[in-house]
């Protein structure tokens, strides 16, 4: 009998803490270790010539942090700003091995929760409404599946820069 080979993206998942949040009525999660802080939405400065999913920049303790509208990043319409809208400040790794802070606009933060490794499944091969490479795994929470995001992929600084350059070319 052959050995079962399981993809690293979910086989190596361990019990861990995840931040869950709402986006267009759906719940998503991300590993808590990448989260630096959560702040209320406000004081954004718009920057011309940015891709539509970059809402602007915000000053976080003297640092300029770009803010990505996660719904728009997933190819949906821009998020509506409500009282519960907030920005999750994340630390992501660039392809050069550097760390970059990026803000993520979400509809509402739900909770920090412990999700046991046994409740984490591989990402689907089809059917998700977001790009497959954005999905790290699927977690079962209260009998429902929650998409666990691959934060470094969703917030790839290099890919966002390429999309910005492509938008510049298109408008020229």
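In what order do 137, 85 fall by count of nearby beta-carbon atoms within 10 Å, going from fewest to most? Each step should come with its number before you reach the end.
Values: 137 23, 85 16.
Listing 137, 85 from fewest to most nearby Cβ atoms yields 85, 137.
Counting other C-beta atoms within 10 Å, which of 92, 68 has the fewest, and how do the rest follow?
Lowest to highest Cβ neighbour count: 92, 68.
Stokes-Einstein at 25 °C, 0.890 mPa s, Kirkwood radius from Cα pairs: D for region 8-171 in µm² s⁻¹? Mind dumping the intermediate values first?
Values: Rh = 16.4 Å.
Estimated via Stokes-Einstein, D reaches 150 µm²/s.
When a footprinting reagent is the concern and you count Cβ atoms within 10 Å, what order do 94, 82 take, fewest first? Numbers along the way, then the final one.
Details: 94 14, 82 10.
By the 10 Å Cβ count, ascending, the order reads 82, 94.
Bear in mind that the values in this text are calculations on the coordinates, not laboratory data. Just so you know, these numbers come straight off a predicted model, no measurement behind them. Glycine also receives a Cβ, built like all others from the backbone with ideal geometry; neighbour counts cover every protein chain displayed.
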